[in-house]
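The values are calculated or read from the model by the stated rules, or taken from the named source; none is laboratory data. Just so you know, these numbers come straight off a predicted model, no measurement behind them. Cβ placement follows ideal geometry from the backbone for every residue including glycine, while neighbour counts extend to all protein chains displayed. Remember, those area values only see protein heavy atoms, side chains included, never the ligands or the DNA or RNA. Shrake-Rupley method; radii C 1.70, N 1.55, O 1.52, S 1.80 Å.
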Amino acid sequence: MNTHPTQQEKTGEAPNTLLDRNTVHEDGASVFSHDRTRAFQTAADVASPECARVFESTANAPSSTLSPVKHVRSQSLLTAFYVAARGILYCIIHERNMKIHLGCALIVLIAGFIVSLSMWEWCVCLVCIALVCALECMNTALEACVDLATARYHKLARIAKDAAAGSVLVAAFFSLIIGLLIFVPHILH
């Protein structure tokens with residue numbers, strides 16, 4: 001059994017997260033909490049109705065009958081591309097920052113044609129555009145996962161969302177610097 005006290009044990013607070021990270025079964029496998037039924041009820045309170053039904057159906061099940069969720073692979077390569085495109089399209093339609101990034105990317109592409117960028121300059125610009133857009137997609141995915149896990153405010157949820165947003169900001173900031181290093185000499189000549 002884990003001998004390290006959890007934060008809740010130190011402060012006497014009731015657990016307010018779905019997973020108690022410090023609770024470990026005798027065989028070393030993580031379990032939800034000492035009182036799994038209470039953990040499932042707490043999760044069902046904050047989750048969507050679909051998730052609540054799953055929590056209710058597994059709350060009283062013995063540990064031996066609970067199995068990890070298996071990842072289902074796409075049936076075909078075409079389906080995998082469709083799913084990825086659907087995710088990108090969701091970000092473009094619903095995320096304001098993705099629209100801003102794509103607008104900036106369009107300006108960079110037009111300016112690149114106007115100043116006749118060299119091959120390596122095009123490569124650097126395209127990598128920067130791809131990096132910022134990919135990180136924005138990952139930020140959206142992480143925010144959706146955190147929102148799915150809990151509807152309540154939690155410090156760790158805030159840290160996860162802030163760090164993901166920060167990664168996009170870092171990539172965008174350095175992409176801006178790289179863009180200035182590439183375009184300013186062309187503009188000055």
Using only the alpha-carbon atoms of the stretch 74-162 as identical scatterers, what base-10 log of I(q)/I(0) does the Debye formula give at q = 0.11, 0.18, 0.26 Å⁻¹?
-0.45, -0.92, -1.20
Mind grabbing the accessible area of ASP147 for me, 1.4 Å probe, Å², rounded to tens?
90 Å²
Excluding ligands and nucleic acids, what accessible area in Å² is computed for ARG158 using a 1.4 Å probe, to the nearest 10?
100 Å²
Compute the distance in nm between two label points, each set 7 Å from the Cα along the Cα-to-Cβ direction, one at PHE174 and one at MET119.
2.5 nm
Largest-first ranking of PHE113, PHE183 by accessible area, probe 1.4 Å, whole protein assembly kept, is PHE113, PHE183
Restricted to Cα positions, what overall size does the stretch 125-180 have along the principal axes? Three whole-Å values, descending.
42, 16, 9
Solvent-accessible area per residue, Å², over the stretch 86-189 with all protein chains present [probe radius 1.4 Å]
67 Å²
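After finding the eigenvalues of the alpha carbon gyration tensor for the stretch 101-142, what semi-axes result from the square roots of 5 times each, listed largest first in whole Å?
Numbers: eigenvalues 110, 25, 3 Å².
For the stretch 101-142, the semi-axes come out at 23, 11, 4 Å.
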With all protein chains present, calculate the accessible area of VAL115 using a 1.4 Å probe and round the result to the nearest 10 Å².
40 Å²
Please list LEU131, LEU181 from largest to smallest accessible area, probe radius 1.4 Å, with all protein chains kept in place.
LEU181, LEU131
